[in-house]
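Take a look at the structure below.
The values are calculated or read from the model by the stated rules, or taken from the named source; none is laboratory data. Because the structure is a prediction, the values reported are computed rather than measured. Here Cβ is always computed from backbone atoms with ideal geometry, including for glycine, and neighbour counts include all displayed protein chains. Heavy atoms of the whole protein, side chains included, go into the accessibility calculation; ligands, DNA and RNA do not. Shrake-Rupley method; radii C 1.70, N 1.55, O 1.52, S 1.80 Å.
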Amino acid sequence: DVAFPNFSDIQGKFTVVPSSKHQVTFNGIASQDGVYLVSGSNKQTPDSVSIDNASRNDVAGAEWLSFPAQNFTSKFNFSWYRNTGVSDFGGAVLDPGLDRERLQNSSDSTIRLYNVDISSSFTFQKYSLKEEMLYQFHSHIFEFGISRDWLQNDLYWQLQLSPELRARFENLNVAVLNNFLQSQSYARDVFFVQDKWKMSESFSTQFGLRYNHFHILNKNYVEPRVNISYSLNPVSTFRAAFGLYYQSPGYEKLVDQNVFYSLSNATNLKAERAMHYILGYERWFSSEIFGKVETYYKSFDKLIIQEKRREARFTSETIPGEDSALISGWTTPHLVMEDVYTNNPINNAYGDAYGLEFYFEKKQITTETKIWGYVSYTLAWAQRNVYGVWRPLAYDQRHTINISANYKINNWLEVAVKWRYGTNFPYSPPVGIQPRIISVHIDSVIYGTHVDTTIWIIQTDRNNKVVFDIKRAQGSLINSRRLPPYHRLDIRATAYTKIWGLDWQFYLDVINVYNRTNILNYQFYVTQNLKFEKNPTSMFPILPTLGMSVKF
């Protein structure tokens, strides 16, 4: 039942220096990864699936760096990027409302298997041309830049579900996308200018302006940026920054967001906007020890979310005094108006993120340094207002600690230790259970004419017991609970040596040394006594790795 992924990559860089005033660099990356899984004959779970997933990332670029004059630098860049992938998932899956662990190696008559067949593919391709120029004049450093990106994106998705499983999603007001085929080309244009001005020995400023034209929106945006630094003395500096940022929607973002928005009418959208405010203080306590503290506030508006509309859905209520496990314990399904989220994107959310960060580092400034590393702590909030309701963002984590230390035992052996802690991310708890209501088609003959009638009934299993689904959280209950705290210790030992005149490294890397069970998410299911419970999905257990590298 387990298949490890496979991956490979090759990357290279080649630099030519034809003269003291010109340098040309070529670089490229080609990588692939995939996984193929088929349920084995000795599988312990009642379902049986096959998964075939493969993707590629390819990058190629060239950069021409020239120095036409003593104070003038020009950098011209061409790049190409392509990300492709295909995925096939098929088989008989266990009803998501059942407890997988209880049903392992089980012949329980309540087991419900549904057929699923999902095929998808995508290609994201981008060509970029960019020219940047830098000119130094007395205490000023002027920078100019212009670029254009050409994007070609193709997305394909096809879904086939058992009628019972489709009814489950419909009963939960989840939009089921049967097929999705989008192909579109568009471009993005950018021009920027900025001036770094050292006004005195202790005071420096940087003013910038960026212009964007997003062809997919057919709209223009201007972004001002300001950075200010003031040195109290040679080792202490205050910094402040402000910036306005816009992000255009694009097909290449759909996969990352796990939402298949339809961007066929993207000109009706606006770019998402963020305003950043940052204030910090940094100090060198010695030539090796550096520390800084930084606070930030970011406001977001015009965020893109799914459009909400009211639709009629079937529901049922319990009958007092009756057995809720049987159909007789529920009223006849009837229509109610409920909120349904579609695949149409709209700019109808806003939010903010703010926090405080501390960072303290001992640097490795020479090969003789025995101990180096850093400690960081972040206190942060990230939230979003969706349809008038505030909720934490999926990556809202209140406290984060990172500790990293390296110890050079001698000239050939080095040990590194890293410990991470986080109060972890939010999740949405279920709010109860509800009977699954499905549609049934009845073909009858009335006066010699076939009539196809659709009725809605409460689904039952082979024992005539009601099939239940988990009620999803809505409104302020979304992301209202927290996963257990996350922490992990990693250790790496590296040995250095020379073999055949080449530099070799041999290392032992152990992830999650004390085998902490960190929770990634929960799978919720309905118990036999009509309560909902959860099974955790955990991250990596202890994972040792042996490796080597050689430099020539």
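Only one of (i) 154; (ii) 179; (iii) 221 was calculated from the structure for volume of the Cα convex hull per residue in Å³, and its label is (iii).
Within the range 459-491, what residues put their amide N at less than 11 Å from the label point 7 Å along the Cα-to-Cβ vector of M539? Correct set: 485-490.
Residue-wise HN-Hα couplings along the range 348-355, as the Karplus relation 6.51 cos²θ - 1.76 cosθ + 1.60 with θ = phi - 60° gives them from phi, are 9, 8, 8, x, 7, 9, 8, x Hz; Gly and Pro carry x. Applying 1/(1 + (r/R0)^6) with r as the Cβ-Cβ distance of Y377 and I491 and R0 = 25 angstrom yields a FRET efficiency of 0.70. The residues of the chain expose on average 58 square angstrom of accessible surface per residue, using a 1.4 Å probe on protein heavy atoms.
Shown in residue order for the range 376-386 are the 3J(HN,Hα) couplings computed by the Karplus curve 6.51 cos²θ - 1.76 cosθ + 1.60 at θ = phi - 60°: 9, 9, 10, 10, 9, 10, 8, 9, 9, 9, 10 Hz (x for Gly and Pro).
The apolar share of the surface of the chain, taken as the fraction of accessible area on carbon and sulfur atoms (1.4 Å probe, ligands and nucleic acids excluded), comes to 57 percent. How many percent of the alpha carbon pairs in the range 329-457 exceed a separation of 26 Å? Tail of P(r) above 26 Å: 62 percent of Cα pairs. The sum of -39500 (n - 2.57) across all DSSP H runs of n ≥ 4, divided by the residue count of the chain, sets its helix-only mean residue ellipticity at 222 nm to -500 deg cm²/dmol.
What's the longest bit of the chain with no exposed GluC sites (Glu not before Pro), using DSSP loop states and at most 14 other Cβ atoms within 10 Å as the test?
Answer from the scan: 369-552.
The slack in the chain from K531 to I228, taken as 0.36 nm per residue of separation less the alpha-carbon distance, amounts to 103.3 nm. For the set K292/K363; K471/K534; K363/K408; K418/K498; K219/K302, the pairs lying more than 19 angstrom apart at their alpha carbons are K418/K498. Estimated from the Cβ-Cβ distance and a Förster radius of 56 angstrom, the FRET efficiency linking N178 and A240 is about 0.60.
Between S48 and K465, the FRET efficiency estimated from the beta carbon spacing at R0 = 25 angstrom works out to 0.55.
Structural descriptor for the range 463-511: relative contact order 28 percent, calculated from alpha carbon pairs under 8 angstrom and at least 6 residues apart.
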